[in-house]
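The values are calculated or read from the model by the stated rules, or taken from the named source; none is laboratory data. This is a predicted model, so every value here is computed, not measured. Reconstructed Cβ throughout: ideal geometry from the backbone, glycine too, with neighbour counts over all protein chains shown. Ligands, DNA and RNA are stripped out before the accessible areas are found, and what is left, the full protein with its side chains, is counted by its heavy atoms. Shrake-Rupley method; radii C 1.70, N 1.55, O 1.52, S 1.80 Å.
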Amino acid sequence: MSQSSFSFPILENDELLPCLSEMEVALDANQLAKPSYEVVRCVFEQIVIMLTGVTREELTQPVFTAMDAFEYPELHDESIPTNNFFRLLSKLMVASGVKDFSWRDVFKPESMKLRRNLSAIINFAKFREEKALAFQ
């Protein structure tokens, strides 16, 4: 993936990590270099909550009307909130300029792609903040 194919700069650690810290997202250089599902899921959850206005409870709460459609709803206690989280995250990634975001980016994260995805989100957050300040 070449940097020129994206409308945002791919940030280096010395830019990326302080920006995440400013957004109150906990991630260190080691976790960025060797990302795991547990860390990436938590990072993306924090970002979705911050940028979409959805609460952690709303993010993890199954939609009870949807649960009634299943014969054994208890089997979907984890899958429905996970799907809701991924749906919101995917919308955020598309809005950030990442068109090829997938489940793999959360469940089997790769360092370079994580850096690209986080760079896109930071660029989006800065753009959003800039526009919000213009309207105050």
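Residues of the range 73-93 that are modelled with pLDDT of 80 or more and either part of a loop (DSSP other than H, G, I, E, B) or under 14 Å from ILE47 (Cα atoms) (or both): PHE85, PHE86, ARG87, LEU88, LEU89, SER90, LYS91, LEU92, MET93. Filtered by the rule that a residue be open to solvent by 70 Å² or more (accessible area, probe 1.4 Å), in contact with a helix residue (DSSP H, G or I) (Cβ under 9 Å, 6 or more places away or on another chain) and of a type in the set (A, V, I, L, M), the range 81-118 gives no residues. Among the residues of the range 17-27, write down those that are over 20 Å from LYS108 (Cβ atoms) and either assigned to a loop (DSSP other than H, G, I, E, B) or free of Cβ contacts under 8 Å to residues at least 12 places away in the same chain (or both). Selection gives PRO18, SER21, GLU22, MET23, GLU24, VAL25, ALA26. TYR37 falls short on exactly one of the conditions (1) at pLDDT below 95; (2) exposed (fewer than 15 other Cβ atoms within 10 Å of the Cβ); (3) within 13 Å of the chain's Cα centre (by Cα), and that condition is (1).
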